[in-house]
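Please treat every number below as a calculation from the coordinates, not as lab data. None of these values were measured; they are calculated from a predicted model. Here the Cβ positions follow ideal geometry from the backbone for every residue, glycine too, while neighbour counts run over all protein chains shown.
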Amino acid sequence: MIRYVISRLATAVVMVLLATLVIFLIANTVPGDPAMAALGDMQASDPVQVREFRARWGLDLPLWEQYWLFLKRLAQGDLGISISSRRPVLADIIDYAPATLELATIAFLLSLAVGLPLGVVAAVKRDSWVDHLARFVALIGVSAPTFWLAFIMLAIFYGQLDWAPGPGRLDPIAFPPDRITGLLLIDTALAGDWETFRDAAAHLVLPSIVLAASTLGLITRTTRAAMLEALNQDYVRVARAKGLLARVVVTGHAVPNAMLPVVTLGGLAYANLLTGAVMTETVFGWPGLGRYTFRSAVTVDFPAIMAITAIVAAIFVLVNLLVDLSYALLDPRVARA
Amino acid sequence: MADQDEPGFGRRPLMAGAAGMLTSLLAGARPADAQSSARRGALVIGLDISDALSLDPVRVYQYSNPLPTRAAYDGLVTYDAGDNITVKPALATEWSYLPDGKTIRFKLRPGVKFASGATVTAEDVRFSFARHLAIKDQPFQYISHVESVAVVDATTVDLVLKDPTLPVISIIATPAFGIQEKSQVVANGGTDAADAKDKDKATEWLNNNSAGAGPYRLTGWQRNQQIQMVRNPHYWRGAPGYERVLIRHMSESAAQLLAIQRGDIDVAFNLIPEQIATLENDPNISIMGTPSLDFIYMAVAEAPSNPALQNKLARQAIGHAIDFDGIIKNLAGGAAVRPTSFLPVGTNGSTEALTKEIGFNEDLPKARRLLAEAGLPNGFKFQLAYGNAAIAGVTYQNLAQKIQADLARVGIVAELAPMDQVNLRTMFLGGKAEAVLTFWNPPAPENWLWTSATVNRVARRVVWDVPADMHKLVADAGAERDLAKAAVLYREYQKRMVDFAHHIVLVQPVYQVAVRKSVGGLNLTAAGWMADLAAAKPA
């Protein structure tokens with residue numbers, strides 16, 4: 001088992017490096033020039049200042065040397081300086097990551113809390129109204145464009161009904177808590193500032209529902225399909241023949257077997273939530289990594305793009321690894337193999 | 001297949017419980033309703049601030065950050081809202097050129113205090129300019145003709161110019177040249193020494209704090225989230241009207257619209273014309289319009305790849321085949337004006353009437369005649385590049401399609417080339433584009449900043465070999481300190497620019513800003529910092 005983990009970790013490092021190399025090559029074939037994106041109009045028109053800029057950011061070096069420098073710095077834990085914010089990329093990411101982490105985690109928990117039971121019940125009570133509801137939720141969740149959904153939710157629950165607070169992480173005139181983790185729910189709880197905690201929690205409701213929608217749809221569908229398959233297996237028939245309670249048959253026999261594909265999907269879905277919330281963040285004025293990534297891409301901010309690539313690749317590889325390891329817990333056959 | 005009924009499922013009030021929790025959470029979610037005293041003491045501005053790189057004045061040159069910079073820092077001089085021609089006193093009460101012709105002497109207003117309570121001195125002024133000259137970030141480029149700055153006595157400062165013919169007083173009205181409190185900046189790593197470019201470390205502090213004498217003091221900036229300011233109790237024009245000013249980042253105009261309707265923000269800067277229209281009957285909101293000094297223009301290059309465009313007459317034909325009124329009416333919702341050439345309406349010597357008189361005006365027979373004279377009676381083809389962006393609700397995409405359709409009427413074929421903004425800029429600045437739709441916004445309302453650009457760096461982008469007499473005209477107009485005489489020269493400049501036909505200005509937006517009626521005294525300005533917050537107060 002330990003050997004397996006070590007070999008997987010080694011592969012993971014190679015995967016992350018490969019991902020950064022691919023992105024590095026792609027970013028360098030884009031005709032846009034970072035100097036043109038970063039410099040003001042006067043500076044960008046002055047060849048001397050453009051040359052100076054390129055030298056300052058190492059853009060005048062041969063490609064392989066630029067990549068080598070990136071690797072060397074990465075090995076020392078240095079992600080470089082962002083061209084567009086002129087700050088260390090790490091500082092930027094530390095600033096933006098908590099907002100995304102908080103939102104993605106809540107959204108993920110929400111999609112599990114609703115998607116799993118809904119999928120299970122839908123399979124057990126196939127063709128009942130619960131099943132129809134589950135299929136409807138899945139359809140809407142998967143197919144409604146996030147941008148649209150975000151606006152509709154905001155317009156109805158904030159604009160019309162005034163049930164939910166507006167965009168942003170806190171009320172405009174609220175004082176943000178002192179930063180400890182950057183996660184507002186935790187920071188306010190640690191400070192004992194329950195009014196701001198409530199404000200932060202309420203601001204999370206709409207964006208997390210929007211962000212959860214597509215994941216929720218996927219989880220519901222997958223759970224339902226896996227459950228249907230499990231319920232058709234011989235061991236379920238045997239269990240029923242033994243006269244076990246229906247609930248025991250479902251929770252004890254069918255669910256554990258149905259969970260394997262759901263765990264795989266869930267892991268990847270969480271990684272996706274962490275890295276792909278651009279639309280939700282845009283509409284809800286959420287200062288997260290999605291917006292940062294988007295901005296880095298449109299300003300051809302090489303150091304930020306590379307750092308984010310490395311981090312995203314690492315998240316995906318790690319999540320995959322954790323998913324595979326969790327199989328051992330869920331399925332004794334894998335552990336023995 | 002339907003299994004047997006499974007007892008025990010679907011009965012638990014799980015969903016009901018969750019919904020109950022949610023309701024109670026949201027019920028208490030709006031602790032500060034629009035009428036509470038905390039709310040009334042704060043001015044909340046909705047604005048897209050994602051472009052802001054810094055709030056350190058020496059590095060302020062993007063679109064949104066001059067607003068908080070002006071609120072935190074007063075400069076020596078300023079422009080009053082609505083007048084972008086005559087410079088007004090601020091921290092300096094008077095100024096004049098010394099007999100040597102290249103030294104400008106400023107007398108400081110006595111007794112003005114920084115937000116810290118310390119008095120503004122000549123040394124603070126010297127330090128602020130010296131820091132610019134040493135750090136040499138973008139704002140320095142506007143005053144690179146300043147040689148040095150020297151303290152004469154505690155309330156007198158000299159600005160010495162390398163080239164006294166170039167304007168400077170109008171330029172230093174811009175927020176980047178706000179006066180910084182030397183002791184605070186130095187205490188936080190700032191320096192004006194010759195090696196400040198590498199040694200100055202104050203920017204990080206100045207991004208979250210201010211050291212100025214403006215009406216408000218910066219107390220924090222959470223990137224892509226908000227900028228927080230508090231009242232400067234020592235402000236020399238009298239105590240500002242709000243306890244706090246909060247600039248809230250909202251990149252989506254639709255979210256800004258909802259937020260101002262709900263009263264979560266007091267001012268919305270980034271609404272598009274259709275959204276403004278929905279607010280016109282809202283009893284709580286008024287719409288303020290201010291003609292900007294920004295414009296969208298089409299640059300037409302004498303591209304080596306396109307012989308037709310090298311012909312002045314063919315370029316003029318483009319200018320006379322465009323339905324400018326249709327663009328303003330249909331694409332900009334009527335909220336725009338159009339200048340004659342590269343000097344926006346509202347600057348010295350540029351008016352809408354002049355555009356009708358000597359500018360490009362839709363005249364298809366004339367366009368056809370010009371084409372015939374150019375030896376291109378059947379028209380010609382060129383590539384029109386533009387970015388994936390929008391200015392005041394006008395998307396380049398729509399604008400390009402409109403121009404394509406307009407030009408087709410006289411046989412000119414515009415091949416549309418959409419691309420991302422960075423690619424576009426790389427191509428255009430490299431002088432590789434045939435024609436480009438792009439945008440110009442000025443760092444300060446000084447005509448010379450526009451005119452000198454057109455005959456120098458912008459000329460290279462359109463592969464224009466500028467004749468010597470055009471250079472002389474621009475230099476003479478810039479050196480002319482009598483506004484009326486300068487206006488005559490600028491009229492001549494615009495006339496010649498139309499004749500050269502490299503820059504066809506299409507739309508100068510009238511920015512429409514939604515303001516809740518609970519806010520009074522907010523003065524919008526086109527001079528570069530959007531609004532003067534000094535006089536804003538609860539109505």
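A few comments on the model shown:
- Sequence-ordered 3J(HN,Hα) estimates for the range A:106-112 from the Karplus curve with 6.51, -1.76 and 1.60 and θ = phi - 60° stand at 4, 4, 5, 4, 4, 5, 5 Hz, glycine and proline given as x.
- Cα gyration tensor shape of the protein assembly as shown, rounded if a/c is under 1.5, else prolate or oblate by comparing a/b with b/c: prolate
- Anchor B:K485: aspartates and glutamates whose Cα lies under 19 Å away (excluding residues fewer than 8 positions away in-chain): B:D83, B:E446, B:D469, B:D476
- Percentage, to the nearest whole number, of Cα pairs in the range B:302-457 over 21 Å apart: 51
- The range A:182-337 - charge dipole about Cα centre, Lys and Arg +1 at Cβ, Asp and Glu -1, debye rounded to 20: 820
- The 3J(HN,Hα) values that the Karplus relation (6.51, -1.76, 1.60; θ = phi - 60°) gives for the range B:491-507 are, in residue order, 5, 4, 4, 5, 4, 6, 4, 5, 5, 5, 6, 9, 10, 10, 7, 9, 9 Hz. Gly and Pro appear as x.
- Karplus-derived 3J(HN,Hα), 6.51/-1.76/1.60, for each residue of the range A:138-143, Hz, glycine and proline x: 4, 5, 4, x, 6, 9
- Cα long-axis angle, helix A:289-298 against chain A (0 to 90 degrees, to the nearest 10): 40
- Its Cα centre serving as origin, the range A:9-119 has a Cβ charge dipole (Lys and Arg +1, Asp and Glu -1) of approximately 220 debye.
- Dipole orientation for the range B:193-340: of the candidates B:L293, B:T340, B:G212, B:G212 has the Cα lying most toward the positive pole (charges on Cβ; Lys, Arg +1; Asp, Glu -1).
- With the charge dipole of the range A:230-337 set up from +1 on Lys and Arg Cβ and -1 on Asp and Glu Cβ about the Cα centre, the Cα lying farthest toward the positive end among the listed residues A:F302, A:V262, A:V250 is that of A:V250.
- Lysines whose Cα lies under 23 Å from that of B:K182, excluding same-chain neighbours fewer than 8 positions away: B:K107, B:K113, B:K136, B:K197, B:K199, B:K201
- Shielding by partners, peptide A:26-33 (average Cβ within 10 angstrom, other chains): 4
- This ranking places B:L258, A:L185 by how few other beta-carbon atoms lie within 10 Å of each, fewest first, which gives A:L185, B:L258.
- Peptide B:137-144, shielding by other chains (average Cβ, 10 Å cutoff): 3
- For the range B:375-510: rounded, prolate or oblate by the Cα gyration tensor [a/c cutoff 1.5]: prolate
- Within-9-Å neighbourhood charge of B:S116 [Cβ basis; K, R +1; D, E -1]: +1
- Cα convex hull, chain A: 188 Å³ per residue, rounded to a whole number.
- Column: log10 I(q)/I(0), Debye, Cα scatterers of the range B:312-396, q = 0.13, 0.17, 0.20, 0.27 Å⁻¹: -0.53, -0.86, -1.08, -1.24
- Treating r as the C-beta distance of B:S148 and A:L268 and R0 as 56 Å, the FRET efficiency rounds to 0.35.
- Between helix A:302-330 and chain A there is an angle of about 20 degrees, using the helix long axis and the longest principal axis of the Cα atoms.
- The lysines within cross-link reach of B:K329, meaning a Cα-to-Cα straight distance under 30 Å and a gap of 8 or more places when in the same chain, are B:K312, B:K356, B:K366, B:K381, B:K402, B:K495, B:K517.
- Computed across the range A:143-300, the Kirkwood radius stands at 18.6 Å (inverse of mean 1/r, all Cα pairs).
- Chain B shape via C-alpha gyration tensor axes, a/c threshold 1.5: oblate
- For the protein assembly as shown, the antiparallel share of DSSP beta bridges with both residues in that region comes to about 75%.
- Chain A, helix-only ellipticity at 222 nm - DSSP H runs n ≥ 4, -39,500 (n - 2.57), divided by all residues, nearest 500: -24000 deg cm²/dmol
- On a per residue basis, the convex hull of the C-alpha atoms belonging to the range B:362-437 measures out at 93 Å³.
- Count Lys and Arg as plus one, Asp and Glu as minus one, and take only other residues whose Cβ is under 10 Å from that of A:P98; the net charge is then -1.
- Spatial separation of Cα centroids for the range B:427-447 and the range B:142-215, in angstrom: 28
- Label-point separation in nm, B:K312 to A:V13, each point 7 Å along Cα→Cβ: 6.8
- Largest-first principal axis extents, alpha carbons of the range A:225-319, Å: 65, 27, 15
- Footprinting exposure proxy for A:V130, B:V513 (fewest neighbouring C-beta atoms within 10 Å first): A:V130, B:V513
- Annotation for A:F175 and B:A405: the two label points, set 7 Å from Cα along the Cα-Cβ direction, are 5.6 nm apart.
- Per-residue shielding of A:115-128, expressed as the average number of other chain Cβ atoms within 10 Å of the residue Cβ, stands at 2.
- Of the residues A:W148, A:N272, A:S45, the one whose Cα sits farthest towards the positive end of the charge dipole of the protein assembly as shown is A:N272 (charges of +1 on Lys and Arg Cβ, -1 on Asp and Glu Cβ, taken about the Cα centre).
- Given charges at beta-carbon only (K, R positive; D, E negative), |dipole| of the protein assembly as shown in Debye: 1280
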